[in-house]
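Data block below; observations after.
Computed from the coordinates by the stated procedures, all read-outs in this text should not be read as laboratory data. Computed from a prediction, not measured in an experiment: that's the story for all the values here. For neighbour counting, all protein chains shown are included, and Cβ atoms are generated from backbone atoms with ideal geometry for every residue, glycine included.
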């Protein structure tokens, strides 16, 4: 039913134009490691709703993070969203931490999509990341 | 986690968890329920539109008004409302803020094939927000902008000869406004802020078709439909008071998503006692510009007089009971007249402009 209403657009639906963004895509080097395996996975991160402004004005990032993380008790587990959010806070965020983070998670009012699905359906912070996952963060806190 | 099937069609994979109901729905079912709910808001009771009505969509280029322009175009066709739709944008004259979003509106004009009218503060008041901020400073300039925008929308609509203005205010915005009006004890506004449609004599009807649409769903809709919108934050002082209400509301929503509709429901349930209603000021028209006002002078004329007199922030305290004539040499706002049909750019003209805009990039 809705297919017939679709319009032709070159937009990404994320609320920014390329002219307002710094570099369309930048490869960020993995950090020198913190108690993790050699193995890494590649994650694509995109920002919408003006959120890229606190990430060096780059709406799109490809990053490498460890495949597994070592817990405090020495046990190993696959890397999850909680780790990614912390990693982003330490490695990608360029300013105003409080605009992105809230405790271990993201601030209420920021929507998260994991491979185009609402992260509320995917286990939120507990979601275990896989190689080439695409994560989108969209801020709804700006005016419309 | 294994993929969850859609709770409506039971076949496709659920991609959205609806905040209002907790339902898990697939992309196509999401579009359908979202559009249907807006259609229900529009048609409930006597309905907000009349057939053949000329309707201006207050378009800022942001997510809400862009999704509104899209959904209204779709519903107008699908359900044959018979509406004549226009886009109406206000250019506050804020360098580096409105420029990009006005480009977005021009692109929307092309995408939806709707005529666009842009009215600027500079045209109407002889002042841009840049100039106002230069004179009054960064504190309190939102008051000027808010008063001027409201009147500019009405005047733009009058110039288009439209009967009705629709805005993209969503459920979150309305719940915020309810909270703000309770906190500052604004009884008069509390009474009307939850109405889908407001109209008083001599004003153009205003409606909020997204009254029950959650911000989360509007953003998801724009994302899945890949709509062209522009997110930005005003470079001048943000509306701090609303900001607090907004953060508080988002925290509530995180605990209990239905909090937003619940607050709207509370706002709707408030009823003023007759004796209180009688004590409120009656509306009249501004002696200087003819715009609706509860005083001899409307707020915009009073603010403008202060600006013209070269006042700083004290322009905010300009009296509204002065004489009808402006001091000599002051610029004033043109008389407010409805149905003075002038100056609409046609869609084709818009396409040319939009193409030029794209090529510049």
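Okay, here's what the table says:
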| read-out | value |
| --- | --- |
| Residue B:270-residue B:233 FRET efficiency (beta carbon distance; Förster radius 30 Å; 0.05 resolution) | 0.45 |
| Contour excess over end-to-end distance, with Cα ends at residue B:335 and residue B:11 and 0.36 nm allotted per residue | 110.7 nm |
| Shielding by other protein chains, B:230-236, mean Cβ within 10 Å | 6 |
| Kirkwood Rh and Cα Rg combined as Rg over Rh, evaluated for the protein assembly as shown | 0.99 |
| Two-site label geometry, residue A:115 and residue B:123: point separation in nm, points 7 Å out along Cα→Cβ | 5.0 nm |
| Most to least packed among B:189-198, B:60-69 [average Cβ atoms within 10 Å] | B:60-69, B:189-198 |
| Antiparallel bridge percentage (DSSP; both residues within the protein assembly as shown; nearest 5) | 55 percent |
| Normalised per residue, the volume of the convex hull around the Cα set of the range B:210-322 (Å³) | 196 Å³ |
| Helix-only [θ]222 nm of chain B, DSSP H runs n ≥ 4, -39500 (n - 2.57) each, per residue, nearest 500 | -14000 deg cm²/dmol |
| Per-residue mean of C-beta atoms belonging to partner chains within 10 Å, peptide A:111-123 | 5 |
| Scattering curve values for the range A:45-144, log₁₀ I(q)/I(0), Debye with Cα scatterers, q = 0.11 Å⁻¹ | -0.31 |
| The range B:1-61-the range A:42-90 distance, computed between alpha-carbon centres (Å) | 32 Å |
| Nearest-ten-degree value, helix B:347-360 long axis tilted from longest Cα axis of chain B | 90 degrees |
| Average other protein chain Cβ within 10 Å of Cβ, residues B:11-20 | 3 |
| Separation in nanometres of the label points that stand 7 Å from Cα toward Cβ, at residue A:44 and residue B:46 | 5.2 nm |
| Efficiency of FRET from Cβ geometry, residue A:94 and residue B:328, R₀ 45 Å, rounded to 0.05 | 0.25 |
| Value of D in µm² per second that Stokes-Einstein yields for the range B:104-234, Kirkwood Rh from Cα pairs, at 37 °C (0.692 mPa s) | 191 µm²/s |
| C-alpha long axis of helix B:98-112 to longest principal axis of chain B, angle in ° | 50 degrees |
| Helix B:27-43 axis, angle to chain B major axis (alpha carbon atoms, nearest 10°) | 50 degrees |
| Fraction of beta bridges assigned by DSSP in the range B:16-360 that are antiparallel (%, nearest 5) | 30 percent |
| Interatomic Cα distance distribution for chain B, bins of 10 angstrom, percent | 5, 21, 32, 27, 11, 3, 1, 0 |
| Calculated P(r) tail over 21 Å for the range B:15-99, as whole % of Cα pairs | 43 percent |
